[in-house]
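Input: a single structure, listed below in structure tokens.
A short reminder: the numbers here are calculations on the coordinates, not readings from a lab. Every value quoted in this text rests on a predicted model; they were computed, and no experiment measured them. Positions of Cβ are backbone-derived with ideal geometry, glycine not excepted, and every protein chain shown enters the neighbour counts.
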Amino acid sequence: MASFPPPAPAPEVVREAVHRALTEDIGPGDITSAVFIPLSARASARIFCKEPCVLAGLPVAEQVFASMESVSPLAVATNVADGDRLEKGATVLLVEGSLRAILTAERAALNYLQHLSGVATMTRAFADAVSLAGGKARILDTRKTTPGLRVLEKYAVACGGGLNHRMGLHDQFLVKDNHLVWWSGGTVESGGGAHGASLPREKLAEAIAAARAHAPAALLEFEADTLEQVAVLADLGVDRILLDNMTNETMAEAVALVAGRCPLEASGNMTLERIPGVAKTGVDFISVGALTHSAPSIDFSLEVMGSLPDLG
């Protein structure tokens with residue numbers, strides 16, 4: 001069982017992401033704040049959400065403000081945590097110190113909170129839909145992530161109550177149709193594919209043994225798009241079968257066919273409207289690419305609440 005709230009991303013991952021964002025945004029300097037805000041000006045400010053959400057990205061926003069130390073150190077405080085369900089108007093972060101530093105950091109901090117909280121909020125909606133349908137399935141993310149932000153986006157999925165699928169190509173086997181084309185007699189040149197094709201048991205058994213020897217601890221998952229393929233893969237003892245673009249009726253048949261021999265993952269065009277029906281098929285996992293490639297941003301704002309005595 002995954003821990004909740006999930007552990008924060010590794011500090012070096014957060015620092016690197018924040019460094020990239022600030023370098024992109026600030027460039028050689030914030031010319032507006034440099035001209036219009038005295039270096040000695042100090043203020044307090046708060047970040048709040050302008051709509052209900054599930055919070056994610058707090059450690060990243062805090063690191064954004066911590067990175068302003070070269071301008072002037074900022075004091076940051078909060079009484080909420082990633083994974084919390086927040087109501088409209090809830091205060092997420094209080095910041096105090098150099099007004100110039102606060103305004104320079106504002107957009108990068110808000111961008112991370114808006115995007116990651118959007119991912120967490122959408123994930124929570126999918127997880128809640130499964131629960132309301134009475135299903136046992138857990139929501140999984142995919143590798144359809146924003147380049148450079150995969151670790152943070154997968155963290156946001158966990159904040160929303162989802163589970164992480166493989167982090168990359170290195171930590172889990174996932175044999176898809178474009179891998180199976182060679183085993184089913186198709187060729188790349190001819191445009192042949194493995195969709196609906198018969199799977200050669202003996203050759204696949206040898207390949208599975210080779211995979212086990214190559215990475216014994218790695219989960220071994222195969223994609224299937226027919227019940228015949230599901231039957232073969234279940235007999236071969238794979239760790240998980242991905243049911244690719246099957247109807248709910250076919251997935252329910254797959255669940256009965258496998259009869260608990262290995263977990264089943266539903267995948268392909270998983271919209272929120274489809275989730276109740278998919279959950280009722282009895283699958284163990286539902287992977288949803290939209291969590292990271294289509295989650296809408298949550299509206300956050302930074303409000304300067306008042307000035308503090310100048311340092312100068």
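Per-structure values
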quantity: Kirkwood estimate for region 103-160, i.e. one over the average of 1/r between Cα atoms, Å; calculated: 12.5 Å
quantity: Ellipsoid semi-axes in whole angstrom, largest first, where each is sqrt(5λ) of the Cα gyration tensor of region 126-293; calculated: 26, 20, 15
quantity: Per-residue [θ]222 nm for the chain (sum of -39500 (n - 2.57) over DSSP H runs n ≥ 4, rounded to 500); calculated: -12000 deg cm²/dmol
quantity: Additional length obtainable on full extension of the chain from residue 206 to residue 32, 0.36 nm per residue less Cα span; calculated: 56.2 nm
quantity: Shape category assigned to region 1-48 from the gyration tensor of Cα positions, a/c cut at 1.5; calculated: oblate
quantity: Gaussian network model of the chain, Cα within-10 Å springs - most flexible of 228, 62, 206; calculated: 206
quantity: ³J(HN,Hα), Karplus 6.51/-1.76/1.60, whole Hz, each residue of region 284-292, x for Gly, Pro; calculated: 8, 9, 10, 8, 10, x, 4, 3, 10
quantity: Under 19 Å from the Cα of residue 88 - lysines, other chains or at least 8 residues apart; calculated: 50
quantity: Added length on full extension, which subtracts the Cα-Cα distance from 0.36 nm per residue, residue 247 to residue 94; calculated: 50.2 nm
quantity: For the chain, the fraction of alpha-carbon pairs in successive 10 Å shells from zero, as %; calculated: 6, 23, 26, 19, 13, 8, 4, 1
quantity: Full-extension gain in nm, residue 85 to residue 128, via 0.36 nm per residue minus C-alpha separation; calculated: 14.2 nm
quantity: At q = 0.16 Å⁻¹, base-10 log of I(q)/I(0) for region 226-306 (Debye sum, equal scatterers on each alpha carbon); calculated: -0.61
quantity: Spacing of the two label points (7 Å from each Cα toward its C-beta) at residue 144 and residue 231, in nm; calculated: 3.1 nm
quantity: Most mobile listed residue (87, 273, 153) in the chain, GNM with C-alpha springs under 10 Å; calculated: 273
quantity: Nearby lysines by direct alpha-carbon distance to residue 154 (threshold 17 angstrom, same-chain neighbours under 8 apart not counted); calculated: 144
quantity: Choice from 81, 209, 266 showing the highest fluctuation, given a GNM over the chain with Cα pairs closer than 10 Å; calculated: 209
quantity: Computed over region 126-293: relative contact order in percent, which uses C-alpha pairs under 8 Å that are six or more apart; calculated: 29 percent
quantity: Percent antiparallel among DSSP beta bridges (both partners in the chain, rounded to 5); calculated: 55 percent
quantity: Centre separation in Å (Cα based) which lies between region 135-180 and region 233-252; calculated: 18 Å
quantity: Cross-link partners of residue 203 among aspartates and glutamates (Cα-Cα below 13 Å; sequence separation of 8 or more within a chain); calculated: none
